[in-house]
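Data block below; observations after.
The values are calculated or read from the model by the stated rules, or taken from the named source; none is laboratory data. Keep in mind that this is a model prediction, so the values were computed, not measured. All Cβ positions, glycine included, derive from the backbone under ideal geometry; neighbour counts span all protein chains shown. Accessible surface areas use protein heavy atoms only, side chains included; no ligands, DNA or RNA. Shrake-Rupley method; radii C 1.70, N 1.55, O 1.52, S 1.80 Å.
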Amino acid sequence: MITWSKSFITKEGILHNDNFYTCSYAIKQRWFEKEFSNESSLPTLVFELDAKIILILINGLLVEAYLIERSDMTEKQLNQYYIKINRLKNELKEQKRKNKKFTDNRSKNNPP
């Protein structure tokens, strides 16, 4: 059976029926880094056969959102994980910045 319901955007993920989901659109738009009010809901299409995937309606398109599996990590371990992920993100940004600066300098010194 297929039914429509609502999901809510939170910092932990897209909340639907006491489970959290994520999708590429939410990650790209940095939804989980923003503050949303309780009214920030999304129309959601639910297939009762599979609770691991829901379809959310975003800008007229149905987007697959996937269940976030909870692990047995402690809060301390989870915080350490997020710190490491943020470090990697910052290193990647820094490397991209250096590459851009290097490319810009090369094109200035070697015009076509």
(message) Could you work out the percent of alpha carbon pairs in the chain separated by over 23 Å, rounded to a whole number?
(response) 47
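Taking only protein heavy atoms into account and a 1.4 Å probe, give the accessible area per residue of the chain in Å².
Working: 9170 Å² over 112 residues.
Heavy-atom SASA per residue in the chain reads 82 Å².
Carbon and sulfur together cover what percent of the accessible area of the chain at a 1.4 Å probe radius? Don't skip to the end; give the middle numbers.
Working: 4960 of 9170 Å².
Percent of accessible area from carbon and sulfur atoms in the chain: 54.
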(request) Would you mind checking the pairs 52/89; 34/89; 34/84; 6/52; 11/89 and listing those with alpha carbons more than 24 angstrom apart? (result) 52/89
(message) At 7 Å along Cα-to-Cβ for each site, give me the label-to-label distance between residue 96 and residue 11 in nm.
(response) 2.4
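For residue 61 and residue 79 in one chain, what is 0.36 nm times their gap in residues minus the Cα-Cα distance, to one decimal in nm? Before the final figure, lay out each step's value.
Values: separation 18, 0.36 × 18 = 6.48 nm, distance 3.39 nm.
Once the chain is fully extended between residue 61 and residue 79, it gains 3.1 nm.
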